[in-house]
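Below: the structure, in structure tokens.
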Amino acid sequence: MDFGAVIQTNPPASRTVHLAKLAEQYGFDYAWTFDSHILWQEPYVIYSQILAETRKIKVGPFVTNPATRDWTVTASTFATLNEMYGNRTVVGIGRGDSAVRVTNGKPTTLKELRESVHVIRELGNSRAVEHNGSTLQFPWSKGSELEVWVAAYGPLALKLTGEVADGFILQLADVDIAKWMITTVRDAAEAAGRDPDAITFCVASPFYIGDSSDPATMQHMRDQCRWFGGMVGNHVADIVEKYGSSGAVPKALTDYIEGRKGYDYNSHGKAGNDHVDFVPDEIVDRFCMLGTADDHIAKLEELKSIGVDQFAGYLMHDNKEETLRVYGETVIPALQETVKAKS
């Protein structure tokens with residue numbers, strides 16, 4: 001299993017670079033960032049500095065969208081980074097959330113998402129592509145390698161992911177829901193004539209190391225990560241509006257948003273978010289990775305067993321460095337030993 005650290009690009013940018021460097025030192029494979037240019041600093045600029053100060057770690061948006069960034073500019077950015085630092089980039093993409101909604105925009109259609117994945121991937125891999133009636137190719141790009149991973153929740157988005165994506169990003173660490181969604185993506189890939197095993201499955205959630213046997217500590221961890229249930233609930237609300245609260249989507253994913261009363265993007269992805277009281281402790285525990293190193297290892301082994309290839313942990317809480325340290329010294333080695341023992 002690979003590991004990623006998801007970082008918010010809050011100023012100073014040097015802090016983002018520091019956390020990415022620390023993640024690499026502790027054995028993480030990916031340094032992901034949010035991509036919402038109004039709420040936080042511009043991540044594509046920061047990637048260049050991260051890559052310059054690290055040796056192996058890959059960088060990419062978690063996630064970008066086809067609306068706020070021209071597809072050809074996105075591809076050019078990552079092809080350029082690949083030329084400068086080796087092929088150490090990846091693009092996570094979805095229909096658009098905070099980046100478009102804070103400007104009163106709307107998520108793109110699935111058709112636009114599908115087309116953007118194709119254009120970005122072809123150009124980002126130094127290939128020609130048909131776009132807007134023209135054949136485009138970067139004449140300066142040779143040997144660039146760029147995967148495009150799609151973030152999805154709803155049935156049609158999951159189907160699209162299976163049909164076209166190099167990877168699937170699921171932003172919650174609930175084992176039962178992950179199993180359903182991974183199966184849905186794999187089935188769609190197989191139906192499209194693709195090899196499901198060629199898709200990388202990435203599960204992401206806040207991860208916080210602490211003493212789960214102490215009620216006060218456990219409650220603090222939950223409160224630091226409750227924002228995530230609000231963020232997921234924002235996506236789920238769109239799904240419920242389209243599909244209803246039963247049938248195509250697991251009830252465990254939809255029931256808890258009944259108490260949701262809107263969403264303020266000024267608090268998006270922030271610990272101590274003041275309008276996520278509707279998210280119960282049970283959902284925080286299911287969606288997030290909380291507790292001791294042993295607690296994390298046990299849940300990661302479950303996720304690994306259902307086909308998860310990468311766990312990406314959100315670092316939006318008050319225990320960033322310690323969580324990275326314990327993962328580097330205990331959790332990541334334990335998962336690597338598990339793989340060796342089974343091979």
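Quick one: pull the percentage of alpha-carbon pairs in the chain with a separation above 34 Å.
Values: 11242 of 58653 pairs.
When every Cα pair of the chain is considered, 19 percent fall beyond 34 Å.
As a quick test, which of the pairs Lys159/Lys304; Lys106/Lys159; Lys56/Lys304; Lys111/Lys299; Lys58/Lys111 have an alpha carbon distance above 32 angstrom in this structure?
Working: Lys159/Lys304 22 Å; Lys106/Lys159 21 Å; Lys56/Lys304 23 Å; Lys111/Lys299 35 Å; Lys58/Lys111 28 Å.
Going by Cα-Cα distance, Lys111/Lys299 fall outside the 32 Å limit.
Roughly how many debye, to the nearest 20, is the charge dipole of the chain about its Cα centre, given +1 on each Lys and Arg Cβ, -1 on each Asp and Glu Cβ, and no other charges? List each step's numbers first, then the result.
Working: 33 positive and 46 negative charges, 158 e Å.
Dipole magnitude for the chain comes out near 760 debye.
Run lengths n ≥ 4 of DSSP H only: what is the helix-derived mean residue ellipticity at 222 nm for the chain, with -39500 (n - 2.57) per run over all residues, to the nearest 500?
Details: 13 runs with 155 residues, N = 343.
Using -39500 (n - 2.57) per qualifying helix, the result is -14000 deg cm²/dmol.
Can you classify the range 1-138 as rounded, prolate or oblate using the Cα gyration tensor, where a ≥ b ≥ c are the square roots of its eigenvalues, rounded means a/c under 1.5, and otherwise it's prolate if a/b beats b/c and oblate if not? Please list the in-between numbers first.
Details: a/c = 2.10, a/b = 1.33, b/c = 1.57.
Because a/c hits 1.5 or more and a/b fails to exceed b/c, the range 1-138 counts as oblate.
Output ³J(HN,Hα) for the range 36-42: one whole-Hz value per residue in order, computed from phi by the Karplus curve 6.51 cos²θ - 1.76 cosθ + 1.60 with θ = phi - 60°, and x for Gly and Pro.
Once rounded to whole Hz, the list reads 8, 5, 7, 6, 9, 5, 5.
Each residue of the range 189-200 in order: what ³J(HN,Hα) in whole Hz does its phi give by Karplus 6.51 cos²θ - 1.76 cosθ + 1.60, θ = phi - 60°, with x for Gly and Pro?
The phi angles translate into 5, 5, 5, 8, x, 9, 7, x, 6, 7, 8, 8 Hz.
Using a 1.4 angstrom probe and counting only protein chains, how large is the accessible area of Leu81 in Å², to 10?
In the full protein context, Leu81 sits at about 10 Å².
Expressed as a whole number of Å, what is the distance separating the alpha-carbon centroids of the range 299-328 and the range 193-225?
Using only Cα atoms, the two centres lie 6 Å from each other.
Taking the convex hull of the alpha carbon atoms in the range 105-181, what volume per residue do you get, in Å³? Present the calculation step by step, with values, prior to reporting the outcome.
Details: hull volume 9.3 nm³, N = 77.
So the per-residue Cα hull volume is 121 Å³.
Looking at the square roots a ≥ b ≥ c of the eigenvalues of the Cα gyration tensor of the range 69-137, which shape do they give, rounded for a/c under 1.5, prolate if a/b is larger than b/c, or oblate? Don't jump to the answer; show the numbers that get you there.
Values: a/c = 2.44, a/b = 1.41, b/c = 1.73.
Since a/c reaches 1.5 but b/c is at least a/b, the shape of the range 69-137 is classed as oblate.
Counting other Cβ atoms within 10 Å of each Cβ, which trypsin sites (Lys or Arg not before Pro) in the range 131-227 have at most 10 and sit in a DSSP loop? Walk me through the numbers on the way to the answer.
Values: sites: Lys142, Lys159, Lys179, Arg186, Arg194, Arg222, Arg226; in loops: Lys142, Arg194.
Here the sparse-neighbourhood loop sites are Lys142.
The values are calculated or read from the model by the stated rules, or taken from the named source; none is laboratory data. Everything numeric in this text was worked out from a predicted model, so none of it was measured. We place every Cβ from the backbone using ideal geometry, glycine too, and count neighbours over all the protein chains shown. Quick note on the areas: whole protein, heavy atoms, side chains included, nothing else; ligands and nucleic acids left out. Shrake-Rupley method; radii C 1.70, N 1.55, O 1.52, S 1.80 Å.
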